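The next block holds one structure in the form of structure tokens; read it before the comments.
The values are calculated or read from the model by the stated rules, or taken from the named source; none is laboratory data. Bear in mind that the values here come from a model prediction, so they are computed numbers and not experimental data. No Cβ is skipped: glycine too gets one built from the backbone with ideal geometry, and neighbour counts run over all protein chains shown.
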Amino acid sequence: MRGLNILSIVIATSMLVACVGKTALLTEEDMAGYVMVYHKDCDHGLHMAYSHDGYEWTALNDDRPIMAGDTIAEQHGIRDPYIMRGPDGGFCMAMTDLHVFGQRDSVRTTQWERPRKYGWGNNRGLVLFKSMDLIHWKRTNLDFTTLTSPTGEVDEEGNPIPWSEVGCVWAPEMTIDDTNGRILMHFTTRMLDLRNRIYCVYMNDAFDTMTSDPKLLFHSVTDAHGNPRFNMIDSHILKVGDTYHLFASEHGWGKHATGACITGPYTLDTLYSDGEPLRHEAPTIWKRLGEERWVLMYDNYSKNPTNFGFAETTDFKTFTSIGHFDEPGCPMTRTNFAEQKHGSVMPVTKQELQRLIEHWEKTYLFH
């Protein structure tokens, strides 16, 4: 597509290999554990943890970053990582290119990278990774301000807003469109300092190139003039049966919507409640292996220190809160980390998990 400036740098020590059809050979019965990715405000790097049972979690590399934000992001920091298995069997990972404490940590002299007219936490793009083994990764940096396709949005005077005026590109997540087998990446974006909305774009299997123009996917309820009333951020999409479920955060509260098509339209579930009384964000859903039970995980930024909260559902109508990491009565525990932010979870095979653990145990021992 025209105007897309992609800087792609190979950071792997071995070349990525083709693995077409691998995903089709793997089923839930092949999975033996889970991998979680998250970031931390103290270092703005990528962290990874694992669990054999989905309840007790241990950080790899003793909770030091497995990738330092200052080496992979143009803003010298990353946030909001998401990981999934792609249609070719490889692993795709995406994250926000943003350091919200850049001035504090002396990576820039101003509070934000760009003028205040672009709003809080303004940034220009995302950081993408592709791997066939969860250890060696190929990186791609996307700058959305170079796009020349229409955004479809207008300013207060009715003038079209170009991508060069995008105010933020946050919280990317991916879903496989089962109608065509393609990767749909969806993310939060804001034009100038207007309301945040959810956009989506199709990606190639190599996860380094957009194959469509970004389009509006979802936003909050609108006012009398048709403008979104609130910020809608941090989308997560999964399909259960014939229904696509979209979770997001509106003004600090969890929202749930459903649709028959991955690209919408989505209908808001007005009866939805995740049971969390404090403001939170970054909802993500993952299935417990061997059970018809899904875990809703979210970032409870209102707690001090920040923590993840959890709820479970079997029908996507009723969500039962099971508490926060390490709290009395909560089955979710951590062995060696705390104050994690904006996480996501993916199932892995026994071999994949063992290889990952052994790699980072050796890395930690010889550091």
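Side notes on the structure shown:
- Residue match in segment 132-143 (condition: closer than 25 Å to Glu250 by Cα and modelled with pLDDT of 95 or more): no
- Taking residues in segment 114-127 that are crowded, with 17+ Cβ neighbours inside 10 Å, and partners anywhere that are in a strand (DSSP E or B) and polar (S, T, N, Q), the pairs with Cβ atoms closer than 6 Å and at least 6 places apart or on different chains are Val127/Asn141.
- Tyr298 being touching a Pro at 6+ places or on another chain (Cβ under 8 Å), crowded, with 18+ Cβ neighbours inside 10 Å and touching a residue at least 40 places away in the same chain (Cβ under 8 Å): yes
- The criterion of being hydrophobic (A, V, I, L, M, F, W, C), buried (at least 17 other Cβ atoms within 10 Å of the Cβ) and touching a helix residue (DSSP H, G or I) at 6+ places or on another chain (Cβ under 8 Å) does not hold for Val100.
- The strands (runs of 3 or more DSSP E) located wholly in segment 64-179 that include 3 or more residues which are β-branched (Val, Ile, Thr) occupy 166-177.
- Search result, residues across segment 33-65 that are of a type in the set (D, E, K, R) and farther than 13 Å from Thr335 by Cα: Lys40, Asp41, Asp43, Asp53, Arg64
- Scanning segment 60-70 for residues that are within 18 Å of Asp80 (Cβ to Cβ) and not acidic (Asp, Glu) returns Pro65, Ile66, Met67, Ala68, Gly69.
- Checking each residue in segment 255-282 for being of a type outside the set (D, E, K, R), within 17 Å of Thr306 (Cα to Cα) and buried (at least 17 other Cβ atoms within 10 Å of the Cβ) picks out His280, Ala282.
- Thr151 vs. criteria among the hydroxyl-bearing types (Ser, Thr, Tyr) and under 22 Å from Ile183 (Cα atoms): yes
- For segment 245-275, the set of residues classified as assigned to a strand (DSSP E or B) and in contact (Cβ under 8 Å) with a residue 60 or more places away in the chain consists of His245, His256, listed by residue number.
Condition check ((1) closer than 20 Å to Met84 by Cα; (2) over 19 Å from the mean Cα position of the chain (by Cα)) across all residues:
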position: Pro265; (1), (2): no, yes
position: Leu271; (1), (2): no, yes
position: Pro277; (1), (2): no, yes
position: Arg293; (1), (2): yes, yes
position: Lys317; (1), (2): no, yes
position: Phe337; (1), (2): no, yes
position: Met346; (1), (2): yes, no
position: Glu352; (1), (2): yes, yes
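- Reported count of residues in segment 32-42, each being part of a loop (DSSP other than H, G, I, E, B), in contact with a Lys or Arg (Cβ under 9 Å, 6 or more places away or on another chain) and farther than 15 Å from Thr96 by Cβ, is 0.
- Segment 190-230, residues that are part of a loop (DSSP other than H, G, I, E, B), farther than 20 Å from Phe144 by Cα and either among the polar types (S, T, N, Q) or in contact with a strand residue (DSSP E or B) (Cβ under 7 Å, 6 or more places away or on another chain) (or both): Ser220, Asn227, Arg229, Phe230
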